[in-house]
Structure formats: C-alpha cells, structure tokens
Amino acid sequence: MEAFYTIQGEGFHKGTAAYFVRIGGCDVGCHWCDVKESWNAELHPPTPTQDIVSEALKHSDTVVVTGGEPLTWNMEPLTSALKERGAKVHIETSGAYELTGQWDWICLSPKKIKLPLKPIYKEADELKVIIYNKHDLQFAEEQAAQVGEQCILYMQPEWSVRDKVMPLIVDYVMANPKWKVSLQTHKYLNIP
C-alpha cells in the first residue's frame, strides 16, 4: 500500500528510526482502525519485492512490515530478500493468519474480531493490546496468558478515546506492573 521512513511510534522500539512497509489487504475490520484505506488489497497494486527491498535499504537497516494485515500474504519472499541484505525485520500483526517469513521482532496485536492463531503466541516478542473500553483489560489478560514468558506486555489506548481510557490503563498498570503503557507517540509528534 505504502512505504515510508519515520520514527517508530509504539511499543518496545518507540523512538527509533525505521522504514515501514504497509501491506494492503485486511479482513480483520477493527472499527477504530486508523488505516481503513489499507483494507481493500485491490486498491493497492503489487510492488515487486526487489523494489521494496532496494528502497527500504536506502533509508534504514530496520524494516517494519505492517498493514492492513501483512500475514494475509506469504511474507517469506520479502523477509528472505531483506535478511539476505542484512536488514533487521519486524512485523506488526493481529496474528489472525499463519506466521510466514523470517522475523527479528514480532509485535502481536490481537483483535477480538478475529483472534490470533495459537502458534504465534509463543513466537511473539511483544504483545500490544489496544484498549478501547474497560472490557479490553480482561481481554488483555486473556491474551497475555497465552504468550511466552519473554514477551513484553503493552496496553495502548485507542487514539479516539485516549483521554477516557488512559486513567484506566494507568491504574491497571500500576496495580499490575507486568504490563507497560504504549502510546502512539508518532501522533503526538505529527509524523506518519
């Protein structure tokens, strides 16, 4: 769909420069998605893998593959080509599809609408649960119970209700310090 060089805004790698590759196509359908234009893959013609790799490596040796939902597609050709050229490759995924590709970092952001497949839970380096309402705190715990011990746990306020849910998240993280707060710092910085 698009690709751009920017500062990672969320989760463990926030504040670091990375090249983002946004894959078109997603059927998860979160009502609060901030890139709904990514959902229809037919609106975004395929780009040759080598073109993506060449452009990415002009900017950064860290490439973040996101979407839409990137695992709708087989990510092996893209990640293999990036890894062959020495890139560190990260993914941000709902985990709703089979994990394909070679990843240095997996950010699993599960959605109630279409839950992750079981195998990805143990592969996740980071669990990022979007908090839209109080019930999402319970959903976060259900998801955290399935990841490995090495997985870093984040709660992130859904942007449109951040002022309402941030006090819930702060109180929850203070009472349950295994969790950390993730903010969409790129939105505060007004960058993509």
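Summary of computed values
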read-out	value
For SER60, SER54, SER94, order by how many other beta-carbon atoms lie within 10 Å, fewest first	SER54, SER60, SER94
Qualifying lysines (Cα of each under 25 Å from Cα of LYS180; at least 8 residues distant if same chain)	LYS14, LYS88, LYS111, LYS112, LYS114, LYS118, LYS122, LYS128, LYS134, LYS164
Per DSSP, loop GluC sites (Glu not before Pro) in the range 131-192 with at most 11 further Cβ within 10 Å	GLU149
Dipole magnitude of the chain, debye to nearest 20 (Cβ charges: Lys/Arg +1, Asp/Glu -1, about Cα centre)	380 debye
Among ASN40, LEU108, ASN74 the positive-end extreme of the charge dipole of the chain (Cβ point charges)	LEU108
Computed label-point distance, nm, for sites THR49 and VAL173 using a 7 Å Cα→Cβ extension	3.8 nm
Cut-off 12 Å (backbone N to label point 7 Å along Cα→Cβ of ARG85), residues of the range 36-68	48-63
Estimated FRET transfer efficiency (GLN138, ILE191; beta-carbon r; R0 22 Å; 0.05)	0.10
222 nm mean residue ellipticity, helices alone, for the chain (DSSP H n ≥ 4; -39,500 (n - 2.57); rounded to 500)	-7500 deg cm²/dmol
Set of aspartates and glutamates near LYS187 by C-alpha distance (under 19 Å), chain-local residues within fewer than 8 positions excluded	GLU2, GLU10, ASP34, GLU37, GLU92, GLU158, ASP163
Approximate spin-label separation HIS59-VAL35, in nm, with each point projected 7 Å along Cα-to-Cβ	1.1 nm
Span from the the range 126-162 Cα centroid across to the the range 69-90 one, whole angstrom	26 Å
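Coordinate-derived values only; no laboratory data. None of the values given here were measured: they were computed from a predicted structure. Neighbour counts are summed over all protein chains in view; Cβ atoms, including those assigned to glycine, are modelled from backbone coordinates with ideal geometry.
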